[in-house]
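This report refers to the structure that appears directly beneath it.
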Amino acid sequence: MAEYWAAEYSLIRVFESGEQSHSDPAEDAKPLMDIVVLHTSDASTLRALKMAAKLADELSTRVHLVAPRVVPYPLALERPQVPVSFTARKLQELAGEAGVDVSAEIILCRDLMTTLSVILKPQSLIVMGGHRSRWWSFNWLEREYRLAQRLRTLGHQVVYAELD
């Protein structure tokens, strides 16, 4: 478990899983990009992981699972409401259920968008899962949809994996 502190951004990286294992040394060279899956909810993340696995195979790249956790100001940043160990186990279970080899990290922060603008590489490929409203005009009500729109305005490529 690695811990990093960045006071100017009010975030802590509290968990990083090991890098994906490769059997071929030629594949050990760092790919040009990672596919980032943002953990929003279990069902949407599972759907996003499955879609990211297909994209990763096609693009010969890796999947990186990021779970930002906003900690309210009354709590110490190092003490989130849900224990980090529980979240780490949940991420491992989701990756196992999706059948995807991922690197994962949990980031404790105060502000979600500030943190995402700091930790994501420019023009990242992000896969998110979520529900689409049956009525197109109400999509903006969905939290995941609004987050995807905000990430697009920051210049990221967002692929939206719809839940069935």
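Miscellaneous remarks
- When ALA56, ALA67, ALA43, ALA76 are checked against the criterion of being among the small types (Gly, Ala, Ser) and under 15 Å from VAL159 (Cβ atoms), a single residue qualifies: ALA56.
- Of residues in segment 96-120 being free of Cβ contacts under 8 Å to residues at least 60 places away in the same chain and surrounded by fewer than 19 Cβ atoms within 10 Å (Cβ to Cβ), the one farthest from LEU75 (Cα to Cα): GLY99
- Of the candidates GLU8, GLU93, the single residue that is exposed (fewer than 12 other Cβ atoms within 10 Å of the Cβ), assigned to a helix (DSSP H, G or I) and either out of contact with any strand residue (DSSP E or B) (no Cβ under 7 Å at 6 or more places or on another chain) or modelled with pLDDT of 80 or more (or both) is GLU8.
- Every residue from segment 47-81 that is surrounded by fewer than 11 Cβ atoms within 10 Å (Cβ to Cβ) and part of a loop (DSSP other than H, G, I, E, B): SER60, PRO72, TYR73, PRO74, ALA76, ARG79, GLN81
- Of everything in segment 12-45 that is open to solvent by 70 Å² or more (accessible area, probe 1.4 Å) and at pLDDT 60 or above, the residue that is nearest to LEU151 (Cα to Cα) is MET33.
- The set of residues in segment 121-130 that are modelled with pLDDT under 95 and open to solvent by 20 Å² or more (accessible area, probe 1.4 Å) comprises LYS121, PRO122, GLN123.
- Qualifying residue in segment 131-150 (condition: at pLDDT 80 or above and outside any helix (DSSP H, G or I)): no
The values are calculated or read from the model by the stated rules, or taken from the named source; none is laboratory data. Predicted model only: the values in this text are computed from it and were never measured. In this analysis, Cβ positions are derived from the backbone assuming ideal geometry, glycine residues included, and neighbour counts consider all displayed protein chains. Only protein heavy atoms, including side chains, enter the accessible area calculation; ligands, DNA and RNA are left aside. Shrake-Rupley method; radii C 1.70, N 1.55, O 1.52, S 1.80 Å.
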